[in-house]
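> Starting off with a structure, shown below.
No value in this document is a laboratory result; all are computed from the given coordinates. Given the structure is predicted, the values throughout are model-derived calculations rather than measurements. Every residue, glycine as well, gets a Cβ built from its backbone with ideal geometry; the counts of neighbours run over all protein chains shown.
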Amino acid sequence: MSVAKASIPSWAWTWPGLAWSVLVAAVFLGTGGLLAAVAGIVLIATVFAAVYHAEVVAHRTGEPFGTLVLALAVTVIETALIVSVMLAAPAEKSGLARDTVFAAVMIVCNGIVGACLLWGGARHHEQQFQLQGANAALAVLAALTTLTLVLPNYVTSAPGPLFTTSQLAFEEVVSVALYGSFIFAQTVRHRDYFLPIGQDDEEAHAPPPSDIAAALSAGLLVVSLVAVVGLAKLLTPTVELGIDRLGVPKEVVGIIIAGLVLLPEGLAAVRAARANRLQTSLNLALGSSLATIGLTIPAVAVVSIVLNQPLDLGLGAKDQVLLALTLLLAVITLGTGRTTVLQGIVHLLLFAVFLFFAVAP
């Protein structure tokens, strides 16, 4: 069903309602095996509902504001999940924000972008996009990732992969300034750099939803986001227990969180690529990675400073190599304004390398 239609499909409000029912039931029944399984299913469905409502609001605002709304919604989910889990065990989860943000960058820049390039290239052979917009996004992404995830390993004021309080506060300001500058360029000064080329599918030309439909979806979006945070916090102990039993590194928790919140947006990006709207796919993907670092890390840093909790940010040597290779590859593959299946295959194989070495470091 098109997001342009005024009526809201039943699943888009039923799943958030069920999510709140599960949360209430957990208060009285606890988190048993059956309830945990139900909560997991409802959580995934509610994430899809949240992204649906974000898409309705996004379609009302138009491009490139639409992809911005969706990216911000996903970032709110991710930030709330990280903060809620960190508050439960500050010392044990000091590296959760770093692991989740790094996983989000790898999932977006290799998994989602690779799938879009592969699927779009397989169907349309060669696809085009606005080179200026991609270059702008990659420039900001390279600065944010390096300053946030690499620089903490090399400062000398504090031991370990972390900033001092003053350094962390300064990093917050720089991150927000970089992201804000990108948003200004994307939505005001150079908006044309991010507009799709030759969008000719039915959904792209569908009439926008009414003000009432957009307002209803905005309200349901908030309800869904709060429910997602509650369910994720409810399921965190179960997920960690499963990871311990499997004997895989704790960093996998960050991959699970990032994968959960990015799944619906990733599907939306792949659908756009399949419809020969690669620009929309890249707006979604690169915009998400920028919002993840430019907004999630500052928000988590504020919590860390206010509550005086540890926050490890620096990546290990292995992950620094993977991050550098990802940025280099993105500059090369997105540096011509045209893509084929070959670039998609390379990105997806690098994503497979990331997953393999996360489980078997």
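> Nothing charged except the Cβ atoms of Lys and Arg (+1) and of Asp and Glu (-1): what's the magnitude of the dipole of the stretch 211-361 about its Cα centre? Round to the nearest 20 debye.
Charge dipole of the stretch 211-361: 380 debye, to the nearest 20.
> Turning to a different aspect of this structure: Apply 1/(1 + (r/R0)^6) to the Cβ-Cβ distance of Ile345 and Leu307, taking R0 = 51 Å, and write down the FRET efficiency to the nearest 0.05.
Efficiency, from the Cβ-Cβ distance: 0.70.
> How big is the charge dipole of the chain about its Cα centre, in debye rounded to the nearest 20, if each Lys and Arg gets +1 on its Cβ and each Asp and Glu gets -1 on its Cβ?
Roughly 160 debye for the chain.
> Return Arg189, Arg98, Arg60, Arg123 ranked ascending by Cβ neighbour count within 10 Å, so the fewest neighbours appear first.
Final ranking by Cβ density, sparse to dense: Arg189, Arg123, Arg60, Arg98.
> Continuing with the same structure: Taking other Cβ within 10 Å of each residue's Cβ, how do Ile212, Ile41 sort, fewest first?
Fewest to most other Cβ atoms nearby, the residues stand as Ile212, Ile41.
> GNM, the chain, Cα, under 10 Å: largest mean-square fluctuation among Ala73, Ala291, Ala218?
Residue with maximal mean-square fluctuation among Ala73, Ala291, Ala218: Ala218.
> Still on this structure, please answer the following. Can you find, among Phe194, Leu162, Thr145, the residue farthest towards the positive end of the dipole of the stretch 134-202? Put +1 on the C-beta of Lys and Arg, -1 on that of Asp and Glu.
Among Phe194, Leu162, Thr145, the one farthest towards the positive end of the dipole of the stretch 134-202 is Leu162.
> Would you compute, for the Cα atoms of the stretch 10-359, the largest minus smallest coordinate along each principal axis and list the three values in descending order, in whole Å?
52, 51, 36
> Once Lys and Arg get +1 and Asp and Glu get -1 on their Cβ, which of Val176, Leu315, Ser94 lies farthest toward the positive end of the dipole of the stretch 10-359?
Ranked along the dipole, the leading option is Leu315.
> Can you give me the relative contact order of the stretch 10-359 as a percent, contacts being Cα pairs under 8 Å and 6 or more apart?
The normalised contact order for the stretch 10-359 reaches 40 percent.
> Pick from Val321, Val302, Val108: which residue has the top mean-square fluctuation in a GNM of the chain where Cα pairs under 10 Å get a spring?
Maximum among the listed residues: Val321.
> List Tyr154, Tyr179 from most exposed to least, where exposure is judged by having the fewest other Cβ atoms within 10 Å.
Tyr154, Tyr179
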